[in-house]
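Trainee: Pasting a structure here, questions to come.
The values are calculated or read from the model by the stated rules, or taken from the named source; none is laboratory data. None of these values were measured; they are calculated from a predicted model. Every residue, glycine among them, receives a Cβ derived from its backbone with ideal geometry; neighbour counts consider all protein chains shown. Just the protein is used for accessible areas: all its heavy atoms, side chains included, with ligands, DNA and RNA removed. Shrake-Rupley method; radii C 1.70, N 1.55, O 1.52, S 1.80 Å.
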Amino acid sequence: MRLRDLNKEPADAEMHYLAHTIEEWRYYFERIQSPCFRLSFTVNHAHLVPEGINGFVDALDMDLVGEVRLADCFRNGHELHLNPGAGDLDFADMFRRIEGKGFKGHYTNAFGSLDDMLSACDYLVEEARKAGAVL
């Protein structure tokens, strides 16, 4: 079972997602003790909130993260799932931080069409290499 971090919403939204802040994630991870329960971390959603990707990665136990979902957006902007390089997310730094904390799960592209996701693979591999990731 995976709990995915979700984007921030307007305060007057009719419905609110289960978890989009570090504190909300902790609520679930402290209460659901199961080896089958993992987080699906969406980096562009973390890029939208004050603590940013750095704050989330610093706070997370990467053993609890099973998947990292990749898309670009603009810092503290609105939820967008842009192709990598179309926003201002620093993918090399993101890979450096996540890999540096021992992430053992998988990465998933979460933007555009299948062709967009396939076309971005070379860009993402190069950014991971810049970060020193072993590929």
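Trainee: For the chain, modelled as a Gaussian network with Cα springs under 10 Å, which listed residue fluctuates most, Leu118, Leu80, Leu60?
Mentor: Highest fluctuation of the listed residues: Leu118.
Trainee: Looking at the chain, send over the antiparallel percent of its DSSP beta bridges, to the nearest 5.
Mentor: 10
Trainee: Show me the ranking of peptides 34-45, 119-130 by mean Cβ neighbours inside 10 Å, starting with the highest. Working shown, then result.
Mentor: Working: 34-45: 18.0, 119-130: 15.0.
So the peptides 34-45, 119-130, ranked by packing, come out 34-45, 119-130.
Trainee: When a/c is below 1.5 the answer is rounded, else prolate if a/b is larger than b/c, else oblate, so apply that to the stretch 17-61 with a ≥ b ≥ c taken from the square roots of the Cα gyration tensor eigenvalues. Please list the in-between numbers first.
Mentor: On the way: a/c = 1.97, a/b = 1.83, b/c = 1.07.
Taking the square roots of the gyration eigenvalues as a ≥ b ≥ c, the stretch 17-61 is prolate.
Trainee: Let me have the relative contact order for the stretch 52-135, percent, based on Cα pairs under 8 Å that are six or more residues apart. Can you show the working numbers first?
Mentor: Details: 104 pairs, mean separation 28.9, N = 84.
Result for the stretch 52-135 is 34 percent.
Trainee: How much accessible area per residue does the chain have, counting only protein heavy atoms and a probe of 1.4 Å, in square angstrom?
Mentor: Numbers: 7490 Å² over 135 residues.
It amounts to 55 Å² per residue over the chain.
Trainee: Just how large is the dipole of the chain about the Cα centre, in debye to the nearest 20, putting +1 at every Lys and Arg Cβ and -1 at every Asp and Glu Cβ? Intermediate results must be reported in sequence, preceding the final value.
Mentor: Details: 14 positive and 23 negative charges, 98 e Å.
It works out to roughly 480 debye.
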